[in-house]
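These notes are about the structure you will find just below.
The values are calculated or read from the model by the stated rules, or taken from the named source; none is laboratory data. All values derive from a computational prediction rather than experimental measurement. Cβ atoms come from the backbone with ideal geometry, glycine included; neighbour counts cover every protein chain shown.
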Amino acid sequence: MSASDKSRQHWRASDLRAVTLLATQATTAVTRMAEGVHQSVWRTLGAPSGVTPAQTRGLTGLIYQSITGVTQQVGNGVATALTRLEPLLQRIESQGEESMERAALLAALNGVMGDRLQAHANPLATPMTLRCNNKMLTKAEPPTATEVTGKVLIVIHGLCMNDRQWTSQHAGLPVNHAETLGAALGYTPVYVRYNSGLHVSENGHLLAQQLDHLVHGWSVPVTELSVLAHSMGGLVTRSALASATASALAWPALLNNIVFLGTPHHGSPLERAGNWVDVILGSTPYSRPFAKLGQLRSAGITDLRYGHVLDADWQGHDRFRRKPDSRVHLPLPVGVACFAVAATTAAKRSPVADRLLGDGLVPLHSALGQHDDPKRCLHFAADHQYLAYRTSHLALLSSPAVAQQVLAWLSR
């Protein structure tokens, strides 16, 4: 293996323990699902259930309990042993730069089930961090004054993605909107990496605190904050601003601009379709145990049903229960220039219905903050809206036209 290969490891020592924990939880979940189906069939024949309606009793119940108990004991034992071995393995392995493949895999895994990973203290759960000049920002090693400027651009990714995916390709050439803004306007890009499987508002609270630490520990006085957010990152940004305002933090006073790229301000119909799967699977006793498969999706994903940004939007609610949109309306911040980029896979001269479908994930009206209820509309100024044609949700990150529009906005 070459030195460059060793410096970009796909796997780390802690991943062994993480995979063991995942395997244990998966085996336990499958066992419980099988028992649920078993008991559903028995119940139709008049057989009594065990401790709960989804559990069997007698010898059958004992067998399922034994499988679950042994699985958990073995899994805990292996995880404990690997925890003790991790320091030794970390000294042996190369702890070089993380590979793009590993970063992408972890981002996707966190997006789908990051809330579960964090709840079980799984090492694969991604903590929120800020990164600048390809290094994680820490209080112990802040960037030097010669490396940064007082104009800070906060760059925040979307669901199932990570900070390194802001660099993409167009016509064989690298594209990074944040780097373009940095080179042209003197911004210092600071990238946010976070667990997109958590509730949007949970990430909002975390980001509010991270930005508070940033402005107080920056190497030069911060004169301006701007935000470039893609998809879910826009919801997290709005949530962070609400959290910071409620806590009287200082950084909102420095915030000048927010650019939203394909943000589902009013949700995505794909999550609402997922919610229908829950309802359909739960409609019969035979399929009801399989409804748990639909409920594997994370809190972050279910927040995209309507575009939740506040704690009140989800606290005290069953997130898998179908119900009308009951969000607390959060308007755009006063005194901050807000810009919305929406995309549609349709051509400019295509039928209106085709264009309204949006970028494949986010409908046009949602990305532009428009709503059938006037009270829920986000009022982006007409010249603060841009529509990218023949562009998909992810292609927003590699579109030269989008880069030029954002540059024109922030050059004012």
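Could you check segment 221-247 and list, in sequence order, the residues that are surrounded by fewer than 16 Cβ atoms within 10 Å (Cβ to Cβ) and hydrophobic (A, V, I, L, M, F, W, C)?
Across segment 221-247, the qualifying residue is only ALA246.
Output the residues belonging to segment 105-135 that are over 25 Å from TRP409 (Cα atoms) and part of a loop (DSSP other than H, G, I, E, B).
Across segment 105-135, the qualifying residues are HIS120, ALA121, ASN122, PRO123, LEU124, ALA125, THR126, PRO127, MET128, ASN134.
Consider only pairs whose beta carbons are under 8 Å apart and that are at least six residues apart or on different chains; among these, list those whose first residue lies in segment 243-255 and is more than 21 Å from GLU202 (Cβ to Cβ) and whose second residue is of a type outside the set (A, V, I, L, M) and in a helix (DSSP H, G or I).
ALA250/ASP212; ALA250/HIS216
Based on this model, can you work out whether LEU261 counts as modelled with pLDDT of 95 or more and touching a helix residue (DSSP H, G or I) at 6+ places or on another chain (Cβ under 8 Å)?
Yes, satisfied.
Within segment 136-175, track down each residue that is polar (S, T, N, Q), touching a residue at least 24 places away in the same chain (Cβ under 8 Å) and in a loop (DSSP other than H, G, I, E, B).
THR144, THR149, ASN162
Can you tell me which residues in segment 176-201 are touching a residue at least 24 places away in the same chain (Cβ under 8 Å) and part of a helix (DSSP H, G or I)?
Residues satisfying the conditions are HIS177, ALA178, THR180, LEU181, GLY182, ALA184, LEU185, VAL200, SER201.
One line per residue, one yes/no per condition, for (1) in contact with an Asp or Glu (Cβ under 8 Å, 6 or more places away or on another chain); (2) surrounded by fewer than 24 Cβ atoms within 10 Å (Cβ to Cβ):
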{"site": "LEU130", "(1), (2)": "no, yes"}
{"site": "GLU147", "(1), (2)": "no, yes"}
{"site": "ILE154", "(1), (2)": "no, no"}
{"site": "ARG164", "(1), (2)": "no, yes"}
{"site": "HIS170", "(1), (2)": "no, yes"}
{"site": "VAL175", "(1), (2)": "no, yes"}
{"site": "GLY197", "(1), (2)": "yes, no"}
{"site": "GLN209", "(1), (2)": "no, yes"}
{"site": "ASP212", "(1), (2)": "no, yes"}
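State yes or no: is LEU130 within 28 Å of VAL259 (Cβ to Cβ), touching a Pro at 6+ places or on another chain (Cβ under 7 Å) and at pLDDT 85 or above?
no
Quick one: would you say VAL215 is at pLDDT 95 or above, within 22 Å of GLY186 (Cα to Cα), of a type in the set (A, V, I, L, M) and not in a helix (DSSP H, G or I)?
So VAL215 does not fit the description; no.
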